[in-house]
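A.B. asks: Right, I'll just put the structure down here and ask away after.
The values are calculated or read from the model by the stated rules, or taken from the named source; none is laboratory data. These figures come from a predicted structure and were not determined experimentally. Virtual Cβ from ideal backbone geometry, glycine too; neighbours counted across all protein chains shown.
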Amino acid sequence: MQELSSLWWRDGVIYQIYPRSFADSNHDGIGDLGGIIAHLDDLAALGIDAIWLSPINPSPDVDFGYDVTNYNEIDPKYGTLEDFDCLLQEAHSRGIRVILDLVLNHTSELHPWFQAARSSRDNPYHDWYIWRSSGAHNRPPNNWQSVFGGGAWQYESSLDQYYYHMFYKEQPDLNWHHPPVRQAMLDVFRFWLERGVDGFRLDVFNVFFKSAHLQDNPPKLGLRAFDRQQHIYDIDQDEMLPLLKEIRSLLDSYPQRYAVGETFLSNPTKAARYCVGDLLPATFNFQFLFCPWRPGKFLSAIQRWEHSLTPEGWPTYVLNNHDNPRSATRYGRGEDDERLKVAAALLLTQRGTPYIYYGEEIGMRDITLRREQAMDPIARRYWPFFKGRDGCRSPMQWSAAPNAGFSETQPWLPVHPNYLKRNLAAQRQDPDSLYHFYARLIQLRREIPALRLGMFLPLTYEPRAILAYLRQTPEQTVLVALNFGRRPLRLFLGSQLAAAPWRLLLSNAREHFEGMDQDYLCMEPEEACILIQD
């Protein structure tokens with residue numbers, strides 16, 4: 001077939017690494033760049049095309065890297081700029097691209113910019129952040145709330161002013177309306193692009209601009225104070241669009257550079273708005289993270305995303321990330337992985353770029369912590385109503401060695417107790433393991449153009465147990481059938497589809513395909529079956 005020109009970020013599979021938890025090379029209990037370098041061959045063997053690193057800039061870790069003190073350096077706990085250059089070289093030599101997390105909405109309160117900004121109203125850096133004098137009766141300037149609880153305005157008595165923080169008070173928001181801020185941030189892109197970085201994940205990018213008039217947000221029903229507002233004036237301002245054009249132009253001045261935006265308070269329509277034409281190449285839509293184990297819910301999520309995108313828009317799909325319970329915890333039953341193979345097939349046969357979160361390929365489950373073990377500040381504030389994000393950030397389970405082969409000393413978070421049996425080394429030895437199923441799916445995407453570039457054509461509508469669809473180009477048709485249930489079922493295909501010459505590409509329940517039962521495909525319990533038309 002005549003393929004579109006290759007784009008690594010469109011056609012490939014991207015693997016998210018949470019550096020603190022991936023691999024510790026210097027035995028201090030925290031993962032680092034040396035640990036990532038040591039396991040690049042493992043990632044190449046899995047077949048991924050790029051790695052996305054959660055923030056590695058210097059940070060006091062109030063929000064574990066999402067509070068930056070220097071955008072052009074590496075945090076010493078992870079290594080040095082020389083170590084990063086080595087990672088780039090070693091990854092590129094294996095055909096693996098590198099994506100960096102950029103946190104550009106806010107800095108740490110310890111960033112030199114903010115230290116200068118809070119020193120005096122006359123300091124040149126004061127306008128780099130959002131400051132206002134108190135309102136009537138010494139109240140904050142407006143009713144805006146922080147995502148992490150409480151009001152979003154912090155009083156600075158030495159200046160008799162408030163500064164704005166959408167997240168923790170230790171994360172003051174930058175004033176993107178101020179031209180020097182815009183220029184400084186574009187220079188951050190240039191710094192890393194010149195170093196050879198292949199792309200960026202933009203943290204909460206649609207929050208960069210706030211209304212210059214700071215109007216009160218209108219009320220709505222919700223549980224937390226932040227949820228009891230319509231976020232009209234603190235999110236999704238029109239000024240974002242020309243900035244994204246400028247960022248895109250900068251990216252396009254280098255060969256095959258990429259950016260994907262984390263759409264804050266995401267929905268398909270909003271995410272699609274920012275990845276059209278000359279805006280971002282891609283944005284995240286997180287509906288899969290919140291789907292119950294029902295095929296109809298996943299189909300609805302796919303169709304809403306597809307219908308929201310313009311023809312040049314390109315979807316992204318994630319089942320896991322560093323902020324949400326793992327799919328193995330949400331969907332798994334005990335230590336059984338068959339349901340997770342169905343989920344893997346769903347993710348890796350979509351029209352769009354799939355993102356895998358470290359450990360997903362071996363079915364890592366969330367750890368359970370006591371309150372005194374919690375590291376996430378949100379957990380310490382809201383326990384027991386919300387136990388934070390530590391559960392999905394536990395150390396990677398490499399082997400049955402002490403600390404799961406992650407470190408020779410006690411890790412920063414506990415290892416899941418199932419690591420003695422659930423680890424990469426063990427699953428590599430088992431040809432029927434979840435790891436090998438992921439690896440075969442990734443290889444299929446590379447080999448079969450229809451799985452990368454074909455149309456998505458659903459065959460089941462309002463499905464209760466089976467989700468089935470075609471991925472189709474003019475030259476190639478692939479059938480994906482996913483049984484979400486725990487009993488054998490028959491998928492009705494109709495005489496024309498059933499009579500076609502189908503060949504088995506992959507299944508977790510059969511090694512051979514004997515053909516259709518008249519107009520039906522007979523499916524085993526929790527089977528993911530992928531067929532190609534010969």
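A.B. asks: Please give the helices (runs of 4 or more DSSP H) falling wholly within region 416-534 in which 1 or more residues are without any contact (Cβ under 8 Å) to a residue 40 or more places away in the chain and in contact with a Phe, Trp or Tyr (Cβ under 8 Å, 6 or more places away or on another chain).
C.D. replies: Ranges flagged: 424-429, 495-499.
Per-residue answers, yes or no, for (1) under 20 Å from the mean Cα position of the chain (by Cα); (2) modelled with pLDDT of 95 or more; (3) under 18 Å from LEU457 (Cα atoms):
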{"position": "PRO295", "(1), (2), (3)": "no, yes, yes"}
{"position": "PHE298", "(1), (2), (3)": "yes, yes, yes"}
{"position": "PRO315", "(1), (2), (3)": "yes, yes, yes"}
{"position": "VAL318", "(1), (2), (3)": "yes, yes, no"}
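A.B. asks: Could you look through region 123-175, keep only residues that are basic (Lys, Arg) and part of a loop (DSSP other than H, G, I, E, B), and pick out the one that is nearest to the chain's Cα centre (by Cα)?
C.D. replies: Within region 123-175, the match that is nearest to the chain's Cα centre (by Cα) is LYS169.
A.B. asks: Restricting to region 390-409, what's the tally of residues that are more than 19 Å from ASP366 (Cβ to Cβ) and part of a helix (DSSP H, G or I)?
C.D. replies: Final tally of qualifying residues: 2.
A.B. asks: A further question on this structure: Within region 415-433, can one find any residue that is out of contact with any His (no Cβ under 6 Å at 6 or more places or on another chain), within 16 Å of ARG20 (Cβ to Cβ), modelled with pLDDT of 95 or more and buried (at least 17 other Cβ atoms within 10 Å of the Cβ)?
C.D. replies: Yes, some residue in region 415-433 is out of contact with any His (no Cβ under 6 Å at 6 or more places or on another chain), within 16 Å of ARG20 (Cβ to Cβ), modelled with pLDDT of 95 or more and buried (at least 17 other Cβ atoms within 10 Å of the Cβ).
A.B. asks: Could you grab me the full set of residues in region 360-381 that are in contact with a Phe, Trp or Tyr (Cβ under 9 Å, 6 or more places away or on another chain) and either within 28 Å of ASN483 (Cβ to Cβ) or not small (Gly, Ala, Ser) (or both)?
C.D. replies: Answer for region 360-381, where residues must be in contact with a Phe, Trp or Tyr (Cβ under 9 Å, 6 or more places away or on another chain) and either within 28 Å of ASN483 (Cβ to Cβ) or not small (Gly, Ala, Ser) (or both): GLU360, GLU361, ILE362, GLY363, MET364, ARG371, MET375, ASP376, PRO377, ILE378, ARG381.
A.B. asks: Which numbered condition in (1) more than 20 Å from MET364 (Cβ to Cβ); (2) buried (at least 22 other Cβ atoms within 10 Å of the Cβ) is the only one that ARG20 fails?
C.D. replies: Among (1) more than 20 Å from MET364 (Cβ to Cβ); (2) buried (at least 22 other Cβ atoms within 10 Å of the Cβ), ARG20 violates only (1).
A.B. asks: I'm trying to understand the selection: among the residues of region 272-323, which are hydroxyl-bearing (Ser, Thr, Tyr), part of a loop (DSSP other than H, G, I, E, B) and either surrounded by 16 or more Cβ atoms within 10 Å (Cβ to Cβ) or at positive phi (or both)?
C.D. replies: Of everything in region 272-323, just one residue is hydroxyl-bearing (Ser, Thr, Tyr), part of a loop (DSSP other than H, G, I, E, B) and either surrounded by 16 or more Cβ atoms within 10 Å (Cβ to Cβ) or at positive phi (or both), namely TYR274.
A.B. asks: While we're here: Take region 291-316 and flag every residue that is among the aromatic types (Phe, Trp, Tyr) and more than 21 Å from ASN206 (Cα to Cα).
C.D. replies: Within region 291-316, TRP293, PHE298 meet the criteria.
A.B. asks: I'm trying to understand the selection: among the residues of region 501-519, which are surrounded by 14 or more Cβ atoms within 10 Å (Cβ to Cβ) and farther than 27 Å from TYR438 by Cα?
C.D. replies: ASP519
A.B. asks: May I ask you to verify whether ASP337 is surrounded by 20 or more Cβ atoms within 10 Å (Cβ to Cβ), charged (D, E, K, R) and more than 30 Å from SER146 (Cβ to Cβ)?
C.D. replies: So ASP337 passes the test.
A.B. asks: Looking at region 200-252, which of the residues that are assigned to a helix (DSSP H, G or I) and polar (S, T, N, Q) is surrounded by the fewest Cβ atoms within 10 Å (Cβ to Cβ)?
C.D. replies: Filtering region 200-252 for residues that are assigned to a helix (DSSP H, G or I) and polar (S, T, N, Q), the one surrounded by the fewest Cβ atoms within 10 Å (Cβ to Cβ) comes out as SER249.
A.B. asks: Does region 38-96 hold any residues that are hydroxyl-bearing (Ser, Thr, Tyr), in contact with a helix residue (DSSP H, G or I) (Cβ under 7 Å, 6 or more places away or on another chain) and closer than 21 Å to MET185 by Cα, and which are they?
C.D. replies: SER54, TYR71
A.B. asks: Under 6 Å by Cβ, and 6 or more places apart or on different chains, what pairs join a residue from region 377-403 that is without any contact (Cβ under 8 Å) to a residue 24 or more places away in the chain with one that is surrounded by fewer than 16 Cβ atoms within 10 Å (Cβ to Cβ) and not hydroxyl-bearing (Ser, Thr, Tyr)?
C.D. replies: TRP383/ARG371
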